[in-house]
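One structure coming up, written as structure tokens, with questions to follow.
Here, each number is a calculation from the coordinates, and none is a lab measurement. Here the structure is a predicted model, which means the values were calculated and not measured. Quick reminder, even Gly has a Cβ in these numbers, built from the backbone with ideal geometry, and neighbours come from all protein chains shown.
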Amino acid sequence: MNQSSLEFDDDLLSLETPRQLWTPRDIWSRLNQRALELLGEDRRFERKNHSSPDLDNLATYYSMFSNTPDGGVFVYGVSDEGTVTGCNFSDEQLNKIETFHFTRCVGAKPEFKRIPVIVDGKKSFCLAIFCPYVGTLVETNKGEAWIRYGESRRKMSEEEKQDFRSTRRELSFELALAPLYTYPGDFDLKVIQDFCDAFRTRELKPDWTNEEVLVDRYLLNLEDGVYIPRNSLVLMASHRPALSIPGCRVRVQRFDTIEEGSGESYSPIRDRVIEGNLVRILQEAQDVISSIIFDVTWLNKEGKFVTTPEYPKWAWFEALVNACVHRSYSFSGTEVTVKLFPDRMEIESPGGFVPPVNEQTIYFTRASRNHHLMDALRFLGYVRMSREGIRRIRDSMHEFQLPDPVFRQETLHGVVVKVVLRNDYRTKSATLSRSMALHFGEEVWGSLSERDIKLVSHAFYNGKIRVSDAQRLTGRTWPTSKKDLERLVDKGILKFETEKAFRDPKSHYKLVRPPKA
């Protein structure tokens, strides 16, 4: 064998394409002995050095790479340490490896080649197998489907398999018929009317009936003269979507600790579950989240104090809409969650990214899991095109001088996409403390408890504080919050103002010595 055949082609090893950026197909096309010695195991490439191949185990790898975007490569004849040892398979074993997928992993489309190598001065070969991404769910003969998440091989649950099929258009949850519901009696006709009016105006179809619009937009099905709702219409406008889709809800929580905690340490100061169709959920969730987002004051680039919410509304509301619209409803019992911590907001959406979207491509690649639902909510004014909405989240964070949003897929408690918005908590907290400490003086400021500081801070930057504000800030009951404010009155920091002698809804507390404008 010519020694040059064991070297990389210099063109293939261009410094413009570092190995870390190679796709599995790139690895496959460039494999030779030097490549085998240089490449380490990762999500794209696996080494195997078995003397007798385990075909059942190999079938799980076929399934995994076939279900993972870009696929993957594995090679027999390389040790775990990266030493090229060559293959010692018999012709019968090689034949089984190259044909067993026809019975044990039917949907896989593996490709094979033998890589010439020199081991201890003797000619040998390694067997390389490339399993491309197929685009439809590939299961083993045992009915198991596997997928790669990060560096791990994971067996998919039935819900994950359903979601996979839906996102690859094998079947669609949103297009499935919903025979438990009767049209129009089980639906919010105002939502439907608003949607149909918007459609007729935008699409220049003034003569279309509501039913014609709903059928055309794949929200309603006409069968033998009977209208049968689809899941997309149930999600958008049903009075009771939880009847068949119990996960159609949003849970909003606020924590006063950096971590969520568990057991006895798990104690959100606000915890609200919002149910109903998506139009109602988005409207109510918007109000709930707005009510528990604090106002903060910080120095802008010009060196001036600016008072803003912790997060720009366009960022968190866009992320919430995306979570509700693009989530997997195949995970029917799992809800969208919004969690606020002192330093960040996390919005979790059941289901993974929809290929080809991932953490790296999210700003310039578009894909939707529930296309017809997304389209309907676009007519209602809630949804922008995917890439535009994601960019809007980032741009609005920049306007508040906040870090870029983080988008990532996690698998700790099922597959979710998590959006993390950080609020620059440490910097702004330091600014708040310094400015208020200077105003009140070190002696008074040092005498305040952490709870008192929350209340005084609100009054300092908002001009006043009501008992309901104190209740929201501390998570304590109304009577206890009233006592907290009265204690600050006794200290000479706050004063009570009211226009009526009894139960004035406009009554509030203000600083005895307000800050200078």
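Taking only Cα atoms, what is the 0 to 90° angle, nearest 10, from helix 386-399's long axis to the longest principal axis of the chain?
50 degrees
How far is it, in nm, from the label point at residue 491 to the one at residue 153 when both lie 7 Å from their Cα along the line to the Cβ?
Output for this residue pair reads 6.1 nm.
Distance in nm between label sites at residue 52 and residue 468, each 7 Å beyond Cα in the beta-carbon direction?
7.5 nm
Under a point-charge model restricted to the Cβ atoms of Lys and Arg (+1) and Asp and Glu (-1), what is the dipole moment magnitude of the range 249-424 relative to its Cα centre, in debye to the nearest 20? Don't skip to the answer; put the middle values down first.
Numbers: 23 positive and 24 negative charges, 128 e Å.
About 620 debye.
How much mean residue ellipticity at 222 nm does the chain get from its helices, if each DSSP H run of length 4 or more adds -39500 (n - 2.57) and you divide by all residues, to the nearest 500 deg cm²/dmol?
-10500 deg cm²/dmol
Something else now. Quick check: the angle from helix 55-67's long axis to the longest principal axis of the chain, C-alpha only, nearest 10 degrees?
50 degrees
Between residue 212 and residue 189, what FRET efficiency follows from the Cβ-Cβ distance if R0 is 22 Å, with the result rounded to 0.05?
It comes to 0.90.
I'd like the FRET efficiency for residue 224 and residue 95, computed as 1/(1 + (r/R0)^6) with the beta carbon distance as r and R0 of 60 Å, rounded to 0.05.
About 0.65, to the nearest 0.05.
By its C-alpha gyration tensor, with a ≥ b ≥ c as the square roots of the eigenvalues, how is the chain shaped: rounded for a/c under 1.5, else prolate for a/b larger than b/c, else oblate? List each step's numbers first, then the result.
Details: a/c = 2.78, a/b = 1.61, b/c = 1.73.
Oblate.
If you don't mind, there's one more thing I want to ask. Would you order 161, 464 from fewest to most other beta-carbon atoms within 10 Å of each residue's own beta-carbon?
Final ranking by Cβ density, sparse to dense: 464, 161.
If you average over every viewing direction, what projected area does the convex hull of the Cα atoms of the range 138-242 give, in nm²?
If you wrap the Cα atoms of the range 138-242 in a convex hull and average its projections, you get 9.7 nm².
Beyond 18 Å between alpha-carbons counts as too far, so tell me which of 418/454; 48/113; 313/339; 454/506; 48/161; 113/155 fall in that bin. Could you put the intermediate results ahead of the total?
Working: 418/454 29 Å; 48/113 15 Å; 313/339 15 Å; 454/506 21 Å; 48/161 28 Å; 113/155 28 Å.
Where the Cα-Cα span goes over 18 Å, the pairs concerned are 418/454; 454/506; 48/161; 113/155.
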